[in-house]
Amino acid sequence: MGDLGVLQWPAMVVTVVAAWLVASERPERRNAGFWAFLFSNVLWIAWGLHAAAYALVVLQVCLAALNIRGAVKASRTAPE
């Protein structure tokens with residue numbers, strides 16, 4: 001599997017945890033979820049480059065942009 005080949009497993013776990021957090025009603029957990037998603041995007045991109053899965057890399061870049069948008073919108077609507 002190689003050194004970077006094992007990244008798919010932590011990437012998968014972080015993605016699932018991020019989805020769980022984003023679905024929370026608590027704003028701080030939702031915010032943490034967007035950051036976790038961004039971390040999972042980085043992991044998936046590293047794995048995708050290693051595995052020559054370029055469609056996955058492009059997908060993760062697009063999802064990262066959406067996660068940044070979500071994090072910005074969440075921070076604007078968070079109670080002070």
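Summary of values
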quantity	calculated
Residue in segment 1-15 that is modelled with the lowest pLDDT, counting only those that are within 9 Å of residue 50 (Cβ to Cβ) and surrounded by 12 or more Cβ atoms within 10 Å (Cβ to Cβ)	4
Output for segment 16-56, where each listed residue is in contact (Cβ under 8 Å) with a residue 24 or more places away in the chain, over 13 Å from residue 70 (Cβ atoms) and surrounded by 19 or more Cβ atoms within 10 Å (Cβ to Cβ)	40, 43, 44, 47
Restricting segment 57-80 to residues that are of a type outside the set (A, V, I, L, M) and surrounded by fewer than 16 Cβ atoms within 10 Å (Cβ to Cβ), the residue that is nearest to residue 13 (Cα to Cα)	62
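The values are calculated or read from the model by the stated rules, or taken from the named source; none is laboratory data. If you're wondering where the values come from, they're calculated on a predicted model, not measured in any experiment. No Cβ is skipped: glycine too gets one built from the backbone with ideal geometry, and neighbour counts run over all protein chains shown.
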